[in-house]
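As structure tokens, the structure follows; a few thoughts come after it.
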Amino acid sequence: MKILCGVKRVEDPDQKIKVNPDGSWIALDGINYKPNPYDEIAVEEALRLKEAHGSGEVVVVSIGGEESVTEMRHAMAMGADRGILVKVSERVDSDAAARLLAKVVEREKPDLVILGRQAVDSDQGQTGQLLAEYLGWGQATFAAKFESLESEEEKAKKPGLQVQDGKVRVIREIDGGLEVLDVELPAVVTTELRLNHPRYASLPGIMKAKKKPVEELTPADLGVDVTPKVKIRKLSSPPERKAGIKVPDVATLVEKLRNEAKVI
């Protein structure tokens, strides 16, 4: 079984982010980067599927500059077999990313594509759906749950996605509870945070990752025009929150919530 995963290099969401004075983008001085957390979950799920089937290949794809190889090596240290870097000098929107991935998929012909549900830098959550549309494949978004009667320890080692008889079964969270989808392969699946817990890269895995191949492509190689269809005009920081106050008793708290905050 061949599985293709996307891995995006994003600004570390756990650090303090500041917006440039002109609102053009965030200030990048001193910023740390990491693999998109949703993409790590996608890679972990691909590795579990490969292990469950006893064979296969996991290919990771990144769209970005040369520095994106760092995040790809992280995925390969987890266990991915090889990487493909589509080199671009500017940020691309979700549509361009989907069209580039579609061309890579046409070249690689995987059985399954697993992407994170969204990237934590732009939070648009559109690439997986657009990719499925461009490929004409079935899709199941927000895969979030694995139901099993096994122990938590046994369950933690197994994939949440179930692949059998040419179909992938996805349990996804919806407003009314859970929805179970059986999708014909090949298909596109996007992952939620609750699907699994990504493994740590071992020292042997890190050493092996340095020797794993990374193919480099350009949008021109793939015949894709990456001119953005969506442009960010301006960013602004959220308004600062006012400092809280201490109240002497519950009666005062209720009075302020009723008369000042007007929330009760």
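The values are calculated or read from the model by the stated rules, or taken from the named source; none is laboratory data. Here the structure is a predicted model, which means the values were calculated and not measured. Cβ: placed from backbone, ideal geometry, glycine included. Neighbour counts: every protein chain shown.
Across region 171-202, the qualifying residues are those that are at pLDDT 90 or above and of a type in the set (Val, Ile, Thr), and the one among them that is farthest from Val7 (Cα to Cα) is Val180. Scan region 215-226 for residues that are exposed (fewer than 12 other Cβ atoms within 10 Å of the Cβ) and not charged (D, E, K, R) and jot them down. Result: Ala220, Gly223.
When Lys246, Lys242, Lys212 are checked against the criterion of being touching a strand residue (DSSP E or B) at 6+ places or on another chain (Cβ under 7 Å) and either surrounded by 12 or more Cβ atoms within 10 Å (Cβ to Cβ) or without any contact (Cβ under 8 Å) to a residue 40 or more places away in the chain (or both), a single residue qualifies: Lys212. Checked against (1) buried (at least 21 other Cβ atoms within 10 Å of the Cβ); (2) part of a helix (DSSP H, G or I), Thr70 passes all but a single condition, namely (1). Within region 163-202, being touching a residue at least 40 places away in the same chain (Cβ under 8 Å) and β-branched (Val, Ile, Thr) holds for Val163, Val168, Val183, Val188, Val189, Thr190, Thr191.
Within region 91-123, can you find the residues that are part of a loop (DSSP other than H, G, I, E, B) and of a type outside the set (D, E, K, R)? Show your work before the answer.
Taking region 91-123 as the starting set, the residues that turn out to be part of a loop (DSSP other than H, G, I, E, B) are 91-93, 109-111, 117-123.
Across region 91-123, the qualifying residues are Val92, Pro110, Gln118, Ala119, Val120, Ser122.
Assess whether Ser62 counts as being in a strand (DSSP E or B) and either surrounded by 18 or more Cβ atoms within 10 Å (Cβ to Cβ) or of a type in the set (Phe, Trp, Tyr) (or both). If you could, list the steps in order and put the result at the bottom.
Working: in a strand (DSSP E or B): yes; either surrounded by 18 or more Cβ atoms within 10 Å (Cβ to Cβ) or of a type in the set (Phe, Trp, Tyr) (or both): yes.
For Ser62, the condition - in a strand (DSSP E or B) and either surrounded by 18 or more Cβ atoms within 10 Å (Cβ to Cβ) or of a type in the set (Phe, Trp, Tyr) (or both) - is met.
Taking region 183-202 as the range and being more than 14 Å from Ala46 (Cα to Cα) and of a type in the set (A, V, I, L, M) as the test, the residues that pass are Val183, Leu185, Leu193, Ala201.
Among the residues examined, Ala102 does not qualify as touching a Phe, Trp or Tyr at 6+ places or on another chain (Cβ under 9 Å) and either basic (Lys, Arg) or modelled with pLDDT under 95 (or both).
Determine which member of the set Lys208, Lys212 is more than 15 Å from Ile41 (Cα to Cα), assigned to a loop (DSSP other than H, G, I, E, B) and at pLDDT 85 or above. Write out each step before concluding.
Values: Lys208 fails: assigned to a loop (DSSP other than H, G, I, E, B).
Exactly one of Lys208, Lys212 is more than 15 Å from Ile41 (Cα to Cα), assigned to a loop (DSSP other than H, G, I, E, B) and at pLDDT 85 or above, namely Lys212.
Between Val226, Val163, Val230, which is part of a loop (DSSP other than H, G, I, E, B), more than 20 Å from Val120 (Cα to Cα) and of a type in the set (Val, Ile, Thr)?
Values: Val163 fails: part of a loop (DSSP other than H, G, I, E, B); Val230 fails: more than 20 Å from Val120 (Cα to Cα).
Selected residue: Val226, the only one of Val226, Val163, Val230 that is part of a loop (DSSP other than H, G, I, E, B), more than 20 Å from Val120 (Cα to Cα) and of a type in the set (Val, Ile, Thr).
Matching residues to (1) among the basic types (Lys, Arg); (2) surrounded by fewer than 24 Cβ atoms within 10 Å (Cβ to Cβ); (3) within 17 Å of Pro213 (Cβ to Cβ); (4) at pLDDT 95 or above:
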{"residue": "Leu47", "(1), (2), (3), (4)": "no, yes, no, yes"}
{"residue": "His74", "(1), (2), (3), (4)": "no, yes, yes, yes"}
{"residue": "Asp81", "(1), (2), (3), (4)": "no, yes, yes, yes"}
{"residue": "Glu108", "(1), (2), (3), (4)": "no, yes, yes, yes"}
{"residue": "Thr127", "(1), (2), (3), (4)": "no, no, no, yes"}
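Looking only at region 229-243, which residues are among the charged types (D, E, K, R) and either touching a Cys at 6+ places or on another chain (Cβ under 7 Å) or closer than 18 Å to Asp22 by Cα (or both)? Scanning region 229-243 gives Lys231, Arg233, Lys234.
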